[in-house]
Amino acid sequence: MSEHEKRRPVGRVKEVTSLSNPLVKDIKALALKKFRDQNNAFMAEGLKLVIDALDLGWEIRTLIFAKAGRGNAAVEKVAARTVAAGGDVLEVSEKVLSSITRRDNPQMVVGVFTQRLVPLKDIRPARGDVWVALDRVRDPGNLGTVIRTVDAVGAKGVILVGDTTDPFSLETVRATMGSIFAVPVAKTSVEAFLAWRKGFPGLVAGTHLKGAVDYRSVDFSDKPVLLMMGNEQQGLPDDLAQNCDRLLRIPQAGRADSLNLAVATGVMLFEIRRGALSLEAPAP
């Protein structure tokens, strides 16, 4: 055994059946942003999500699983990994699990992880990289769907600009379907973002109702791309629109005068990444 392994803390395994247990109260408090920020932690539901997070190197603090998971080889393996990493493992009743997740039919496994954000200054886009900047996105479902779509198309990450919804809220994490663990996320002020944008080495594009250019007519290949998207109510504000190289529009034929933010972002991302996407399996 190495010296590092000897020094590494070993987690605890506990059985919890009471809703008034302090550990349960602390985990339930993570439903509120105030407590997530204070503890720099968040919850994720589902055995696959927890396994993916561990495989991607995220720090797990607590693993909670239903008594029904006892004897399940996959659950027991994740529990062993959690203990080895210094995290706690709680075996809880169905009632406790429902209370933690606020669901009547909760998934068998919940993980509490340490939050991870990328400093904006560390983002140095290279050729072919695509980043999405979201201005003051309000809806956790939209944010989670955008993060999931960024993951699906192989874009590099998401930059949250201004006062946005929390990427680590339970609703956002659910909507990402696990992509929160695969997609780098940065948070920044408008001022810091605009200062960083000045050094962006590629094409900065934004969608705007005043855009005169069809998004399908632009060559996005062979350069880094920064896609700016406005929020659900107001679209892209003037201070960000003025910092775009191109203002683009998605043509529409029906009566609706706009698209949902996550849908519009998805349409743009699949066009920007079109040359990199193929139904053929990538070479090993």
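The values are calculated or read from the model by the stated rules, or taken from the named source; none is laboratory data. Not measured: the values here are computed from a predicted model. Every residue, glycine among them, receives a Cβ derived from its backbone with ideal geometry; neighbour counts consider all protein chains shown. Just the protein is used for accessible areas: all its heavy atoms, side chains included, with ligands, DNA and RNA removed. Shrake-Rupley method; radii C 1.70, N 1.55, O 1.52, S 1.80 Å.
Can you go through 152, 79, 85 and tell me which one is among the small types (Gly, Ala, Ser), open to solvent by less than 30 Å² (accessible area, probe 1.4 Å), touching a helix residue (DSSP H, G or I) at 6+ places or on another chain (Cβ under 9 Å) and under 19 Å from residue 46 (Cβ atoms)?
When all the criteria are applied, what remains is 79.
Filter the strands (runs of 3 or more DSSP E) completely within region 191-258 down to those with at least 3 residues that are open to solvent by less than 70 Å² (accessible area, probe 1.4 Å) and modelled with pLDDT of 90 or more.
203-207, 225-229
So, in region 169-185, exactly how many residues are of a type in the set (Ser, Thr, Tyr) and either part of a loop (DSSP other than H, G, I, E, B) or surrounded by fewer than 22 Cβ atoms within 10 Å (Cβ to Cβ) (or both)?
2
Can you name every residue in region 95-148 that is of a type in the set (D, E, K, R) and either in contact with a Pro (Cβ under 6 Å, 6 or more places away or on another chain) or open to solvent by less than 10 Å² (accessible area, probe 1.4 Å) (or both)? Walk me through how you get there before you give the answer.
Start the filter on region 95-148 by keeping residues that are of a type in the set (D, E, K, R), which leaves 95, 102-104, 116, 121-122, 124, 127, 129, 135-136, 138-139, 148.
Hits for region 95-148 are 129, 135.
If you go through region 203-210 one residue at a time, do you hit one that is touching a residue at least 24 places away in the same chain (Cβ under 8 Å) and of a type in the set (D, E, K, R)?
yes
Across region 242-279, what is the number of residues that are more than 22 Å from residue 129 (Cβ to Cβ) and without any contact (Cβ under 8 Å) to a residue 60 or more places away in the chain?
14
Is one or more of the residues making up region 225-233 touching a residue at least 12 places away in the same chain (Cβ under 8 Å) and over 19 Å from the mean Cα position of the chain (by Cα)?
Yes, that holds for at least one residue.
So for region 214-221 (the condition being hydroxyl-bearing (Ser, Thr, Tyr) and without any contact (Cβ under 8 Å) to a residue 24 or more places away in the chain), does at least one residue qualify?
yes
In region 34-55, is there at least one residue being open to solvent by 70 Å² or more (accessible area, probe 1.4 Å), in contact with a Gly (Cβ under 9 Å, 6 or more places away or on another chain), closer than 25 Å to residue 182 by Cβ and not acidic (Asp, Glu)?
Yes, region 34-55 has at least one match.
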